[in-house]
Amino acid sequence: MKDWQRRLPDSLRFRGPDTPTAGGLLFLLYASVSMIFWRVFMRISYACPAHLTFTLTIDQWTELVQMTGDAIEWLDRHEGLYDVWMCVSYAATSCALVQYHTWARRKDERAQATLRKLRDCVRRWEGTVEPEMMSSRKKVS
């Protein structure tokens, strides 16, 4: 996955919260897929099967925390995309889970602030949608 990301054309590379839509959305989804890949290792009691030669390290977790935080920061600036696809709310939830676990285990104030930022982003989005238009996306939020 990292090799794929390194080979992206410049127009699709993530460059922070002001990244254009295509690159930012791709990064948000990439962060979500990365979280799914490492999710099994998030359990403290997980014992890696002997046939697996990799595991989640502190450095990889730290990178995942940074990546998901950057994705949330990007979504905060592009909140209009929240209601475009169901996968955006799913990806945001995946990113939030990483931030939540970081806050719960480390009491990391930056993770807590990132969660607040996503909460506020979703609330602003909810404020623009008519109540009858709310669907399962509100439940996911």
Could you list all residues from the range 37-54 that are within 17 Å of the chain's Cα centre (by Cα) and either surrounded by fewer than 10 Cβ atoms within 10 Å (Cβ to Cβ) or among the aromatic types (F, W, Y) (or both)?
F37, W38, F41
Anything in the range 61-84 that is among the aliphatic types (A, V, I, L, M) and open to solvent by less than 60 Å² (accessible area, probe 1.4 Å)? List them, or say none.
L64, V65, M67, A71, I72, L75, L81
Looking at the range 114-126 only, could you name the residues that are over 14 Å from the mean Cα position of the chain (by Cα) and crowded, with 19+ Cβ neighbours inside 10 Å?
W125
The one condition L29 fails out of (1) surrounded by 12 or more Cβ atoms within 10 Å (Cβ to Cβ); (2) modelled with pLDDT of 80 or more; (3) out of contact with any Cys (no Cβ under 7 Å at 6 or more places or on another chain) is (3)
Candidate set from the range 85-113 (those that are over 18 Å from L29 (Cβ atoms) and open to solvent by less than 20 Å² (accessible area, probe 1.4 Å)); member that is modelled with the highest pLDDT:
A111
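The values are calculated or read from the model by the stated rules, or taken from the named source; none is laboratory data. A quick note: this is a predicted structure, and the numbers were derived from the prediction, not measured. A quick note on method: Cβ atoms are made from the backbone with ideal geometry, for glycine too, and the neighbour counts reach across all protein chains shown. Remember, those area values only see protein heavy atoms, side chains included, never the ligands or the DNA or RNA. Shrake-Rupley method; radii C 1.70, N 1.55, O 1.52, S 1.80 Å.
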